[in-house]
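Working notes, structure below.
Only the coordinates and a few stated rules stand behind these numbers; no lab work does. Computed from a predicted model, the values in this text were never measured in an experiment. A quick note on method: Cβ atoms are made from the backbone with ideal geometry, for glycine too, and the neighbour counts reach across all protein chains shown.
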Amino acid sequence: MTERRKWKSEEKLAIIKEVREKGTVVETCRRYSIDPSMYP
């Protein structure tokens with residue numbers, strides 16, 4: 001079983017900001033190894 005990653009609030013905000021600027025949820029999630037369904 002893989003270990004869950006613990007995200008800092010600064011990291012979460014940076015990801016959200018990047019999605020808002022670029023408008024591509026899927027590409028941003030790939031860059032951070034996040035499943036797109038986990039994006040808020």
Contact list, first residue from region 14-40 and in a helix (DSSP H, G or I), second anywhere and among the charged types (D, E, K, R), beta-carbon distance below 7 Å, six or more apart or interchain, is THR28/GLU18; THR28/LYS22; CYS29/ASP35
Output the number of residues of region 1-13 satisfying the condition of being of a type in the set (A, V, I, L, M) and part of a helix (DSSP H, G or I). 1
When every residue in region 26-40 that is of a type in the set (Val, Ile, Thr) and within 8 Å of the chain's Cα centre (by Cα) is compared, the one surrounded by the fewest Cβ atoms within 10 Å (Cβ to Cβ) is ILE34
Going by the conditions given, is LYS6 free of Cβ contacts under 8 Å to residues at least 24 places away in the same chain, of a type in the set (D, E, K, R) and surrounded by 11 or more Cβ atoms within 10 Å (Cβ to Cβ)? no
